[in-house]
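A short reminder: the numbers here are calculations on the coordinates, not readings from a lab. In this text the structure is predicted, and so the values were computed from the model without any measurement. Every residue, glycine as well, gets a Cβ built from its backbone with ideal geometry; the counts of neighbours run over all protein chains shown.
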Amino acid sequence: MQTKYEQEYIRFGLKVQYYRKLRGMTQEAFAEKVGISWSYLAKIESPTKVYGVSMETLFSMAEVLEISPAELFERP
């Protein structure tokens, strides 16, 4: 996917990965709780690929991670 926001998509995926690991969850366990496949999650978390998520998936990820959706977009 081509987008001028490539770095924001990648930062989002890395934030998901950070909070997932902070919670001690594997990709498989987290993906199951969110309701997506682990292979899709792996694409989202990739530091070299751009993959978007639906709002439904975004809210589900934040809920499982026990954070606000906004935290997945905050800059370090």
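Can you give the FRET efficiency to the nearest 0.05 for Gln7 and Ala29, using r as the Cβ-Cβ distance and R₀ = 25 Å? FRET efficiency, Gln7 to Ala29: 0.35.
Place the peptides 12-19, 1-8, 52-59, 39-46 in order of packing, highest mean first, counting for every residue the other Cβ atoms within 10 Å and averaging per peptide.
On the way: 12-19: 19.1, 1-8: 9.4, 52-59: 13.2, 39-46: 17.5.
Top to bottom by mean Cβ count within 10 Å: 12-19, 39-46, 52-59, 1-8.
Sum -39500 (n - 2.57) across every DSSP H segment of at least 4 residues in the chain, then divide by the residue count to get the 222 nm mean residue ellipticity, nearest 500.
Result for the chain, helices only: -17500 deg cm²/dmol.
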